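The values are calculated or read from the model by the stated rules, or taken from the named source; none is laboratory data. This structure is a prediction, so every number in the text was calculated from the model and none was measured. Every residue, glycine as well, gets a Cβ built from its backbone with ideal geometry; the counts of neighbours run over all protein chains shown. Side chains included, ligands, DNA and RNA excluded: accessible areas come from the protein's heavy atoms. Shrake-Rupley method; radii C 1.70, N 1.55, O 1.52, S 1.80 Å.
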Amino acid sequence: MSFSDLRFIFYILSPFVLLHTLCPPKARNALLFFGSLGVYAFGAGPAAAGVLLGVTVVNYLAGRWIQGAPSMRRAALGLGLLLDFGALFVFKYLAAALFLLGTANADALILRLALPLGISFYVFQAAAYLFDVFRGTTEAEENFLDFAAFLSAYPQLTMGPILRYGDVRAALWERKPCRVDIEQGFQLFAVGLSYKVLLADQLAYLWVVLERIGFDYISTPLAWLGAVGYSLQLYFDFQGYSLMAMGLGRMLSLPVARNFDEPYLSRSVSEFYRRWHITLGTWFRDYLYIPLGGSRHGTARTLLALAVVWCLTGLWHGPTLNYLLWGGVLFVLIASEKLFLRRAFGSLRVLPHLYLLFVIVQTWVIFRVEDLAGIAAYFRRLYPFFGSSEAINHGDFVKYFSSYWWLFAIAIFFCLPWPRRWYERWRGNALVWIPLFALFWTSIFFLSTGTGSAFLYFRF
């Protein structure tokens, strides 16, 4: 169930926080696990909840096996990872692979293997736990309910952030909910909800318009406007969810990591992805890029590690070719920065920002359009001198820019550091509640009129 679902906000959120606050400390992890599993089953279905429960049991047992049987620790790690990533492959990639191979029953298989909500996130979180136990950087959890609460905690279950057990273990044992945590958590939840409903969902209509018109028939200025609009929509959609997850975690005295750090202020693509979806980037860095050699064994080894990381990052997002192409383009851009662009930019400040904004909005087009023909059509409109067709509606940009310019201005302003700095400075002041109260109930109004939509990252 989505955090922006009115049923969650009014029927689940408040009762859950109240029960958790009043619950005896020793029973809080049991409440967190069973409550999260129930909410997940209600929103995603009993079958998806069964998959989550199975992954939880497998990784709890594998962690105990790794630590308790030193001579078998490699086998335990291998088996645990095989079951984790095997489940991810079966539900996310098997039907697509059979379809590409021309298997006749692929469509029926897709219907039977419905993608469990959030499986890409909780499988990676479980795998990180096994790696950390194997390396000895964290101890295997002996109490099943404590481990299950970590893996299935609803604030981060369906769209991350991807937590590390070592970062939350102490909090799981010693959580003491208090009024300040609940107040500040609700503030973050309200900000995230307004980002999602009042910015991301409203910007989404522009891309819908472009798809209805057809990419071959839009003007070049409108194509660029649509690419920028989708870039902002995706940011506020995922940033909104992440802030809501942080807020829910705070209300439950559970630390949920920040997943964004003003990425559109970056000066390179590599810096952008250190600031965007931070926990996914650090997962690939710590468990794949560095073990492959990272930047310690020469340029060729570094490029190989980068290529593997970005290929798998693309595939993590989905089995369609556009995600693989998206990952490949990002690899080329980041490799180019490492080889010569970083030296070319030197100490320049403005040009690297412009470069980042110019290229990143184009990569989001590849990310968004699933079929390669559609991607080619869109880029023919972005760069009409490479295409043979001419846009029919030359005045479409003026029409849609006049309708959306104010929304773009607000969205761009909230990508800057000043709103966050203002909030962090004044969040303890009672006056902060006035704008947050207005934003929260305005968001509720929009949701009640049916203008909300599902989070984009639910697809992954």
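Could you grab the pairs with beta carbons closer than 6 Å, sequence gap of 6+ or different chains, first residue in the range 394-421 and over 22 Å from GLU262 (Cβ atoms), second one open to solvent by less than 70 Å² (accessible area, probe 1.4 Å) and assigned to a helix (DSSP H, G or I)?
From residues that are over 22 Å from GLU262 (Cβ atoms), the pairs are ASP396/LEU222; PHE397/PRO221; PHE397/LEU222; TYR404/LEU206.
Exactly one condition in (1) buried (at least 22 other Cβ atoms within 10 Å of the Cβ); (2) under 16 Å from GLN187 (Cα atoms) is false for ASN259; which is it?
Answer for ASN259: the failing condition is (2).
Counting just the residues of the range 142-157 that are crowded, with 21+ Cβ neighbours inside 10 Å and not aromatic (Phe, Trp, Tyr), which one comes out nearest to PHE3 (Cα to Cα)?
By that ranking, first place goes to PRO155.
Tally up the residues in the range 230-267 that are in a helix (DSSP H, G or I) and more than 22 Å from LEU333 (Cα to Cα), please.
Selection size over the range 230-267: 17.
Would you call GLY63 more than 28 Å from LYS196 (Cα to Cα), open to solvent by 40 Å² or more (accessible area, probe 1.4 Å) and not β-branched (Val, Ile, Thr)?
No, not satisfied.
So is PHE272 at pLDDT 95 or above and farther than 16 Å from ILE162 by Cβ or not?
Judged against the criteria, PHE272 is a match.
Tally the residues that are open to solvent by 30 Å² or more (accessible area, probe 1.4 Å) and not basic (Lys, Arg), restricting the search to the range 25-36.
Residues in the range 25-36 being open to solvent by 30 Å² or more (accessible area, probe 1.4 Å) and not basic (Lys, Arg): 4 in total.
Looking at ALA48, ALA44, can you tell me which residue is modelled with pLDDT of 90 or more, among the aliphatic types (A, V, I, L, M) and under 20 Å from the mean Cα position of the chain (by Cα)?
ALA48
Can you spot a residue in the range 282-292 that is surrounded by 22 or more Cβ atoms within 10 Å (Cβ to Cβ) and over 24 Å from TYR378 (Cβ atoms)?
yes
Looking at (1) among the aliphatic types (A, V, I, L, M); (2) at pLDDT 85 or above; (3) out of contact with any Leu (no Cβ under 7 Å at 6 or more places or on another chain); (4) open to solvent by less than 70 Å² (accessible area, probe 1.4 Å), which one does ILE366 not meet, given that it meets all the others?
Status for ILE366: all satisfied but (3).
Please list, ordered by residue number, the helices (runs of 4 or more DSSP H) wholly in the range 164-219 having 3 or more residues that are farther than 25 Å from LEU13 by Cβ and not β-branched (Val, Ile, Thr).
165-174, 201-213
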